[in-house]
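The values are calculated or read from the model by the stated rules, or taken from the named source; none is laboratory data. Because the structure is a prediction, the values reported are computed rather than measured. Every residue, glycine among them, receives a Cβ derived from its backbone with ideal geometry; neighbour counts consider all protein chains shown. Side chains are part of the model used for accessible areas, which takes the heavy atoms of the whole protein and leaves out ligands, DNA and RNA. Shrake-Rupley method; radii C 1.70, N 1.55, O 1.52, S 1.80 Å.
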Amino acid sequence: MPQNTISRYQTTYRADEINLVLRLARRGESLGFIGMAGVGKSNIVNFLRDIQRNAPGLDKVEQLHFPIVDTTQWEGTPDNFWQMMLDALHQATKELPPAPRDNVIPFSGNERALKTVQEQLRWICQELKHQVMFVLDDFDQALEIGPLAMLEQLNGLRSDGNRGFLSYLVFTKRLPHILGQNLPLENHSKFYDLFRHNIYALAPYTKSDAMQMLHHLNELANSPLQAGQLEQIYQLAGGHARLLKLVFNIWVEEGVAGLKIKYFAEKPDIMQECWRILENLHKEEQEVALKIARGVRAAEDQAVLDHLLRRGVLVTLEPVTWFSPLLAQFLSVYERGV
C-alpha cells in the first residue's frame, strides 16, 4: 500500500471551529474552547500551526499568524512564560522581515523577554499590518495559579496600536472562570474579559473527521484493517481522538474480531484515558456523570446535564447515551467501586 497518500486533515476538518477561529482572528477578537481531555485540542493546534498548507484558498490567511504556546511546558514563572511567548512568535513569523533592534536592554530577564515580545508585536501588527492570534494551549494551570498581573499583561499587549491585530485562542479542559476563581478572574481580569463572551464547547469529532483520522492511521499501519472494522472502532470510541487511536492500535496489535465493548473497556490504556476524561471534568460534572451512570436522575442536575450535552460528553438524555460506550462501561464499573 502506498504510504502517506491520505492526509491527516481534510479540507473540511473541524470546519465550524476553524472557520470561527479565522473569523474572530481577522476581527482581532479572542475566544476560548473547552474540551474534555483527549478530545482533539492538540489536533486543532497542529492544524493552525500550518494553516497556509492546511487551508488553501482562504482569503488573506497568509497575513494571519498563530504562535503556539504549549503551557504544559511552562515552568510557572512570568519570565519563562514570556520567553515561551517570544519563542512561539519567532517560530510562527520566521518568514517575515526581522524587526529593527532596540539597543535599550532591560536588566531583569522578565522585563527583557516581555519588552522583546512588545517590540516584535509592534513590528508585526503595526508596521507590517499582519494579525497575530496566540494559541494558549492547555491553559488551565496558568488560569489557576496566575499570577493575575501576568495574565493582565496579555491584555496590555493589545494596547499601543495592536488592538484589532492581536488576539488569543485559549484552550482549557474546564471553565476558565472556575479555574481562576481564586484570582478572582471573573470580576477582576481584563484578559478574561477579552474572551468571556466567546467561550465554546469543543465536542468530539464528527463522524467524517473521525473516519478521516482512522483512514490516515490505517494507511500507516503494517496490518491495515477493513472498512467495516474502522466503522466498529468509531462506534466504540465515538469522536474522541485519543480513544480512537488507542482502540485502533489495540485492534491492529491484537487482531480483535468483533465489537467487544467489555474487552476494550478493560484494557489499561482505555481505562486510564476514561479516568482522565472523568478527572478533568468539573467536580459537579463528575458527580452528575456518576449519578447518571447508576441510573439516578434529579431535577436539580438539569443545568449540569445540559452542560455535559454541550460539551459532547453526553449525546442524548432520552435515552442516556454517552459519546462512547467505552466511557459508559468505565463509569458503570467505576461507580460501583466508589
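Tabulated results
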{"item": "Cα-based helix-to-principal-axis angle, 78-92 vs the chain, degrees rounded to 10", "result": "90"}
{"item": "Euclidean distance between Cα centres, the stretch 126-190 to the stretch 76-97, Å", "result": "15"}
{"item": "Given (i) 166; (ii) 243; (iii) 156, the label whose value is volume of the Cα convex hull per residue in Å³ derived from this model", "result": "(iii)"}
{"item": "Heavy-atom accessible area per residue - the chain, 1.4 Å, Å²", "result": "48"}
{"item": "³J(HN,Hα) computed for each position of the stretch 249-257 - Karplus, 6.51 cos²θ - 1.76 cosθ + 1.60, integer Hz, glycine/proline x", "result": "4, 5, 4, 5, 6, 9, x, 5, 10"}
{"item": "Charge-dipole axis of the chain as Lys and Arg at +1 and Asp and Glu at -1 on Cβ define it, positive-most pick from 120, 171, 25", "result": "25"}
{"item": "Accessible area (Å², 1.4 Å probe, nearest 10) - residue 6", "result": "60"}
{"item": "Full-stretch length increase - residue 200, residue 15 - with 0.36 nm per residue and alpha-carbon distance subtracted", "result": "65.2 nm"}
{"item": "Highest-MSF residue in the chain out of 223, 159, 208 [GNM, Cα springs under 10 Å]", "result": "223"}
{"item": "Simple spin-label estimate for residue 253 and residue 291 in nanometres, 7 Å along Cα-Cβ", "result": "3.8"}
{"item": "Percent accessible area from carbon and sulfur atoms, the chain, protein chains only, probe 1.4 Å", "result": "49"}
{"item": "Shape call, the stretch 81-218: gyration tensor on alpha carbons, a/c limit 1.5", "result": "oblate"}
{"item": "In Å², nearest 10: area of residue 334 left accessible to a 1.4 Å probe", "result": "70"}
